[in-house]
1. Can you pull out every residue in segment 221-242 that is of a type in the set (Gly, Ala, Ser) and in contact with a Lys or Arg (Cβ under 7 Å, 6 or more places away or on another chain)?
2. State all residues of segment 189-209 that are among the acidic types (Asp, Glu) and assigned to a strand (DSSP E or B); if no residue qualifies, say none.
3. Return yes or no: is Thr177 without any contact (Cβ under 8 Å) to a residue 40 or more places away in the chain and of a type in the set (Ser, Thr, Tyr)?
4. Being open to solvent by less than 50 Å² (accessible area, probe 1.4 Å) and not in a strand (DSSP E or B) is the filter here, so list the residues in segment 298-325 that pass it.
5. Can you tell me which of (1) closer than 19 Å to Ile368 by Cβ; (2) out of contact with any Phe, Trp or Tyr (no Cβ under 7 Å at 6 or more places or on another chain) is the one Phe320 doesn't meet?
6. Scan segment 146-205 for residues that are open to solvent by less than 50 Å² (accessible area, probe 1.4 Å), farther than 20 Å from Ser349 by Cβ, among the aromatic types (Phe, Trp, Tyr) and more than 19 Å from the chain's Cα centre (by Cα) and jot them down.
7. Return only the number of the condition from (1) touching a Leu at 6+ places or on another chain (Cβ under 7 Å); (2) without any contact (Cβ under 8 Å) to a residue 12 or more places away in the chain that Lys372 does not satisfy.
8. Given the residues Arg385, Arg314, Arg330, which is the only one that is modelled with pLDDT under 95 and basic (Lys, Arg)?
Amino acid sequence: MGEGRVNMIVVREFDPRKDGVGVEDVERRCEVGPGGKLSLFTDLLGDPICRVRNSPAFLMLVAEIGEEIVGMIRGCIKTVTCGKKLSRTVKNNYSYNVINNNDLSKPVPVYTKVAYILGLRVSPSHRRMGIGLKLVHQMEDWFRQNGAEYSYIATENDNHASVKLFTDKCGYSKFRTPSILVNPVFAHRVPVSNRVTVIKLTPYDAELLYRRRFATTEFFPRDIDSVLKNKLNVGNFLAVPRGSLKSGSWAGSDNFLSDPPESWAVLSVWNCKDVFRLEVRGASRVKRTFAKTTRVVDKALPFLRLPSVPAVFRPFGLYFMYGLGGEGPRAAKMMKALCGHVHNLAKESGCGVVVTEVANREPLKLGIPHWKMLSCAEDLWCIKRLGEDYSDGSVGDWTKSPPGLSIFVDPREF
């Protein structure tokens, strides 16, 4: 590539007043799946920044040559948990440095400012010109200017071009491999065990429960209250064994956490259907006919509760389950009941699938219904340290930390 071609590339902030058509054209040219194979395509419903719009801080950049847009990238910044430390117990206004058996010390979260890159696209006719690299570097400059300490990306394990760009050329390292679990929405309602009580929590009660029990989970967002109060949040749900509430009925998270039942589970639901739509392309006529037949039979005979392939060969929406957590020996069973409840909500809303993303070693994974053929066993998150300074020395270099049992996947950027 000649020096002149490099200098012709201009990277600037996305302007919704004039860039919409150019961005859609690049998205369309990038949506060319491999011949003869199933491919997943995304419709952003006319809003190029929809996948970052709900984040605390976000930016979209475009690359252009002359007046032609040839690439784009999105990024956002938030404050999340990167580790935990023991709090110091304060007695008689004195802070004890040495923790003894009488202290009531407990782990507290250590937060850091992290940036997330997504939606990197380069027009097929302008690849191998350094455009992707230039977009990433300019986005990282914005991250640093806004105090981000780390940057991370999520990609498919087998997306070799993306992995190579970030790990070989941009200095990222492979970090976490969560699982994306996808369950179809059937034409029939899924039965929820009558041994389980499902309670819908207010945003206040959900926030209190999350902060008290899960604030030390990796990637937990410090602004969880903003997430729970967002209009895209469908609801927050708690499952407990029937008759296990000490007061006989729900009396708020404070009372619940002071004396919880032996087992319980919680999750929240995000409405991705109003943000973007997905579509599977490349399926043969035989596969399409089979899928349609299963739906027709399921709809005609719902009492049989036959599994049916959702209508994924035309644009469909999804509900995303996040904040999955629980405690006790029957927590996985409580989670299964919650997933059934969410399935029925998704059916009423016209969604095609219900999705969640959890750590590979998540204990509650056993209670999450999903189809392996629709799921991704290992998503790949890569991370990079942007600066030398840290928000808290007790964590050290987060990029070198081992994975925990759980991870919090923010629905705003899924």
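The values are calculated or read from the model by the stated rules, or taken from the named source; none is laboratory data. If you're wondering where the values come from, they're calculated on a predicted model, not measured in any experiment. Note that each Cβ is placed from the backbone with ideal geometry, even for glycine, and that neighbours are counted across all protein chains shown. Only protein heavy atoms, including side chains, enter the accessible area calculation; ligands, DNA and RNA are left aside. Shrake-Rupley method; radii C 1.70, N 1.55, O 1.52, S 1.80 Å.
1. Let us first name the residues in segment 221-242 that are of a type in the set (Gly, Ala, Ser), namely 226, 235, 239.
Scanning segment 221-242 gives a single hit, Gly235.
2. Of all residues in segment 189-209, those among the acidic types (Asp, Glu) come to 205, 207.
Passing the criteria: none in range.
3. On the way: without any contact (Cβ under 8 Å) to a residue 40 or more places away in the chain: no; of a type in the set (Ser, Thr, Tyr): yes.
When the stated conditions are applied, Thr177 does not pass them.
4. Going residue by residue through segment 298-325, those that are open to solvent by less than 50 Å² (accessible area, probe 1.4 Å) are 298, 308-313, 316-325.
Hits for segment 298-325 are Asp298, Ser308, Val309, Pro310, Ala311, Val312, Phe313, Gly317.
5. Condition not satisfied by Phe320: (2).
6. Phe166, Tyr172
7. Going through (1) touching a Leu at 6+ places or on another chain (Cβ under 7 Å); (2) without any contact (Cβ under 8 Å) to a residue 12 or more places away in the chain one by one, Lys372 breaks only (1).
8. On the way: Arg385 fails: modelled with pLDDT under 95; Arg330 fails: modelled with pLDDT under 95.
The unique qualifying residue is Arg314.
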